[in-house]
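Each reported figure results from applying straightforward, stated rules to the coordinates on display, with no laboratory input. Remember, it's a predicted structure, so these values are computed and weren't measured experimentally. Neighbour counts run over all protein chains shown; Cβ positions are idealised from the backbone, glycine included.
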Amino acid sequence: MKPQNMLVIMSDEHNARMMGAVGHRLARTPNLDALAARGALFSDAYTNCPICVPARATFATGRYVHDTEYWDNSIAYDGRVPSWGHRLQQAGIRVESIGKLHYRNETDDTGFDAQHIPMHIAGGVGMIHFSIRRQFKDFVRPAGRRSAIIEHAGPGESEYTRYDRKVADIATQWLQDAANADKPWTLFVSFVTPHYPLIAPKEYCDLYPVEEMPDAKFGPESGFQCHPWLEELVASSVMTKDQQRAAFSAYLGLVSFMDAQVGRVLDALDAAGLRDTTRILYTSDHGENAGARGMWGKSNHYEEAVRIPLILAGSDVPAGKVVHTPVSLVDVYPTILEGVGAPAAEQDLPGRSLFAVLNEPDDPARAVFSEYHAAGSPSASYMLRKGRYKLIWYVGYAPELFDLESDPEETRNIAGDPEHAAIFRQLEAALREIVDPETEDARANEAQRKLIESKGGPQEVMAKLAMKKLYTPVPGGTIS
C-alpha cells in the first residue's frame, strides 16, 4: 500500500447510532454520511474504555487500560508508554494535533511535533474527586451532580462550540499550508462536541423540535430497574420526560454542529487538492447514553456508551463498504502507521490495521474488549463482545450476557439462562485470557487510593474541589 497523508478526526461522546449513515431517523449528519459513502463504515466498533481520558490513552498507545495503568480521568496519558505519534516521529513523518487531546499536559512528550490549542486535563490532575470510589470505607461521598448535564439543555453557544469552531479554523489553514508538502504527514483533528454541556447553536437545535423528540429507552417514568452496579450513576441522573426531550434535542443539535465542523475540514482538504493523497479516519472516544436507562454521559458497557462510530476513507478503501468485523480503538494505532507508511506496530499490541480488516471477509466472531475503573463505579466493569454475544462482567456483582442479534437493545439478561450456560463459560474464559478482573480492579483502586492520599485524603479533596464544572475547561479560558 502506497504511503499517503493521514487525516485523523475524532469527536467526543458521539453515540454511534446517531448518524444518518447508520439509519438513524432523526440525526442529520450529511458530511459524515458522505464520508461513509466514499469509504468503509465499521458497524461494530467499540471504545476500550467508556470515559474520556483512559479511552484517549488507549487510542494513543494501542494498549488496554490495565496494561498502561491510565485508569481514570485524573490519571492521564503522559508519554510514558510509546504512542503512534512517537512511532511517526521516529520514522521522520510530520505529526501534529489540533484540538482536544485530554492528556496530562502540553509539556509532556506525547508524540506530536506541535499541539495547536490542545485541551488537557485541568491543572495536570483533572477531576481528581472522581477517583474516590470505595477505597475509603468510612468516607461517604456527596451526591453526584450529573443531573446538571441536562438541566440547562437547549439552544445557545458554549465555550465548547466556540472552541470547536476555532479547531476547524486552524485545521482549515493547516491543510491549506500543507498542500505542497513533499512527503506524507499525519494530522489529528479533535473536536470536543457533542460532549456536554448540552447547548447547541440555535440553527442546529431547530432541526430537532423538542416536542418531536422520542422518549428514552428505559427512560424517566418507565419503571425500569437498573442493575445494582449502576445505582450511583442512575441516582445522579434524575430527570423528567420533558428534561429528557430537551436534552435529546440539544444533543442531536450538537451532533449536527460537530458534523458541520467535520465538513469544513473535509472541504478544506478538497480545496487544497489533497483528497486523492490523503486517507481519512473518523471516530469518537466513546458513546453517550442519551437518557437510556435513566443515564446521561457514558461510564458503562451498554451499547449506547461503549459503541463508537468509525469510518475509514481514501485510497485502498472500497467505497460504500460496511464492515461487520468487530473492531476497537486499539486498532487505530496500526492503522495510522500503515496508512502513512511508517514501520509496522509492535508485535505485542492487541490491535490490527483496519486496512487489513476491511480487505478480509467479515469475521463477526472477532473478540473486542473494554474495561472501566472510573467515576461512579463501585468496582471494575469489563466487556467482551464475541460473535452475537456480549458479556459484561462486574467485579463483586452478577454478570450480564446479551444476544445482540436477537436483542440489540439489551433488554434481556441471559447470563443465568441454562440454554446459554456454555456460551457464558466460553466468554468468561475468553475474558480471563485478556485480563484477571479481580486483580486489575484491586490495582486500579490502589493506584487511585494513593493518588487521593497524596492530595490530603478524600475529605481534603472534596473540600478543596475547585472544579465547578462537570467537564474540562477549554485552554486559556473561553474562546472568543
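Here E419 and Y397 are evaluated by their C-beta separation; at R0 = 25 Å the FRET efficiency comes out at 0.65.
Exposure proxy ranking for W185, W84, based on other Cβ atoms within 10 angstrom of each Cβ and starting from the fewest, stands as W185, W84. Between V322 and L41, the built amide H atoms are under 5 Å apart, and every one of these is 5 or more places off in sequence or on another chain. Taking a ≥ b ≥ c as the square roots of the Cα gyration tensor eigenvalues, the range 74-197 comes out oblate, since a/c reaches at least 1.5 and a/b does not exceed b/c. Annotation: Cα Rg of the range 191-279 relative to the compact-globule expectation 2.2 N^0.38 Å equals 1.48.
Sorting the segments 116-125, 412-421 by their residues' average number of neighbouring beta-carbon atoms within 10 angstrom, most packed first, yields 116-125, 412-421.
A straight line joining the Cα centroids of the range 159-201 and the range 10-61 runs 17 Å.
Summing charges over all other residues whose Cβ lies under 9 Å from the Cβ of V125, with Lys and Arg as +1 and Asp and Glu as -1, gives +2. For a test of the definition: using alpha carbon positions, the gyration tensor, and the 1.5 limit on a/c, classify the range 380-433 as rounded, prolate or oblate. Rounded shape, in that the Cα axes give a/c under 1.5.
Rounded to the nearest 5, what is the percent of antiparallel bridges among the DSSP beta bridges in the chain? The antiparallel proportion sits near 45 percent. Selection among L337, A305, I280 by position relative to the dipole of the range 280-348 gives A305 as farthest towards the positive end (Cβ unit charges, Cα centre). Listed by Cβ neighbour count within 10 Å, with the fewest neighbours leading, F130, F224, F191 appear as F224, F130, F191. Rounded to the nearest 500, the helix-only mean residue ellipticity at 222 nm of the chain stands at -9000 deg cm²/dmol, with each DSSP H run of n ≥ 4 adding -39,500 (n - 2.57). Between amide H atoms placed 1.01 Å from N, distances below 5 Å from W296 occur with G291, all of them 5 or more places distant or on a separate chain. For the range 265-380, the relative contact order works out to 23 percent when only alpha carbon pairs closer than 8 Å and six or more residues apart are counted. When the P(r) of the range 63-129 is calculated, the portion above 14 Å amounts to 58% of the C-alpha pairs.
The length gained on full extension between R412 and V210, counted as 0.36 nm times the residue separation minus their Cα-Cα distance, comes to 69.7 nm. Structural descriptor for the range 13-63: relative contact order 19 percent, calculated from alpha carbon pairs under 8 angstrom and at least 6 residues apart. Could you calculate the FRET efficiency of D348 with D316 from 1/(1 + (r/R0)^6), where r is the beta carbon distance between them and R0 is 25 Å, rounded to 0.05? E between D348 and D316, to the nearest 0.05, is 0.45. Computed over the chain, relative contact order equals 26 percent, with contacts defined as Cα pairs under 8 Å that lie 6+ residues apart.
Listed by chain and number, the aspartates and glutamates placed with their C-alpha closer than 17 angstrom to that of K137 are E232, D441, E446, E453, E460; residues fewer than eight positions away on the same chain are left out.
The simple spin-label model puts a point 7 Å past each Cα toward its Cβ; for S454 and A429 those points are separated by 4.1 nm.
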